[in-house]
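**Q** Could you have a look at this structure, given as structure tokens, before my questions?
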Amino acid sequence: MSKEFINSKNAPAAVGPYVHARKAGNMYFISGQLGIDPSTRKLVEGVRAQTHQSLKNLGEVLKEAGLDYTDVVKTTVFLDNIDDFAIVNEIYAEYFTGVAPARSCVEVAKIPAGGLVEVEAIAVRDN
């Protein structure tokens with residue numbers, strides 16, 4: 001099985017020693033995307049803006065791999081505050097239309113860089 005790494009110039013650089021995504025066979029494991037604006041390298045303000053930005057960043061990584069949101073089969077959403085669940089759901093539904101991927105959503109003690117939301121994903125390329 002071939003294994004490759006994917007980094008997108010249009011998504012913010014990783015905040016640690018990892019790549020944006022790893023391809024293994026026809027599966028893509030996409031690292032958690034924060035609400036960092038790639039042009040400023042800073043978190044955008046508020047949970048709404050960070051949710052949009054993290055999903056846009058995810059989209060850029062998918063695009064770099066030749067994929068899109070419809071190829072995503074599983075996501076995990078990490079929230080700084082579970083009370084933001086409804087807001088995140090509303091925005092998430094704008095990106096994952098039709099049949100949404102399987103998903104977990106959990107509140108965590110802290111998100112890197114002081115983020116309010118982080119989204120990771122697994123995608124599959126149909127052959």
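Readers should treat all values here as calculations from the given coordinates under stated rules, not as data from a laboratory. It should be emphasised that the depicted structure is a prediction, and the values quoted were computed from it without experimental measurement. We place every Cβ from the backbone using ideal geometry, glycine too, and count neighbours over all the protein chains shown.
**Q** Multiply the residue separation of residue 49 and residue 27 by 0.36 nm, subtract the distance between their alpha-carbon atoms, and state the gained length in nm to one decimal.
**A** Values: separation 22, 0.36 × 22 = 7.92 nm, distance 2.88 nm.
Working it through step by step, the gained length comes to 5.0 nm.
**Q** Related question: Provide the gained length on full extension for the span residue 39 to residue 125, in nm with one decimal, where the gain is 0.36 nm per separating residue minus the Cα-Cα distance. Before the final figure, lay out the partial values.
**A** Working: separation 86, 0.36 × 86 = 30.96 nm, distance 2.90 nm.
Extending this stretch completely gives an extra 28.1 nm.
**Q** Counting only DSSP beta bridges with both residues in the stretch 3-124, tell me the antiparallel percent, nearest 5. Intermediate values should be presented prior to the final figure.
**A** Details: 23 of 29 bridges.
Roughly 80 percent of the DSSP beta bridges within the stretch 3-124 come out antiparallel.
**Q** Give me a comma-separated list of calculated 3J(HN,Hα) values for the stretch 90-101, in order, Karplus coefficients 6.51, -1.76, 1.60 applied at θ = phi - 60°, integers in Hz, x for any Gly or Pro.
**A** Whole-Hz 3J(HN,Hα) from phi for the stretch 90-101: 4, 6, 3, 5, 6, 9, 10, 9, x, 7, 7, x.
**Q** Once phi is turned into θ = phi - 60°, what whole-Hz ³J(HN,Hα) does the Karplus curve with 6.51, -1.76 and 1.60 give for every residue of the stretch 22-34, x standing for Gly and Pro?
**A** 10, 9, 9, x, 9, 10, 10, 10, 9, 4, x, 10, 8
**Q** Could you order the peptides 113-124, 89-100 from most to least packed, using the average number of other C-beta atoms within 10 Å per residue?
**A** Values: 113-124: 20.9, 89-100: 12.5.
For the peptides 113-124, 89-100, the packing ranking is 113-124, 89-100.
**Q** Here's another thing I want to ask about it. Starting from the Cα of residue 10, step 7 Å along the direction of its Cβ; do the same at residue 106; then give the gap between the two resulting points in nm.
**A** 3.2 nm
**Q** Report the gain in length on full extension from residue 82 to residue 70: 0.36 nm times residue separation, minus Cα-Cα distance, nm rounded to one decimal.
**A** Details: separation 12, 0.36 × 12 = 4.32 nm, distance 2.58 nm.
Roughly 1.7 nm would be gained on extension.
**Q** Now for a separate question. Residue by residue through the stretch 112-124, which ³J(HN,Hα) values in whole Hz follow from phi under the Karplus form 6.51 cos²θ - 1.76 cosθ + 1.60 (θ = phi - 60°), with glycine and proline marked x?
**A** x, 6, x, x, 9, 8, 9, 10, 10, 8, 10, 10, 10
**Q** So what's the back-of-envelope 222 nm ellipticity for the chain, counting only DSSP H runs of four-plus at -39500 (n - 2.57) apiece and dividing by all residues, rounded to 500?
**A** Numbers: 2 runs with 29 residues, N = 127.
When only DSSP H runs of four or more count, the value is -7500 deg cm²/dmol.
**Q** Just 59, 16, 35 to compare: in a GNM of the chain, with alpha carbon springs under 10 Å, which one fluctuates most?
**A** Maximum among the listed residues: 16.
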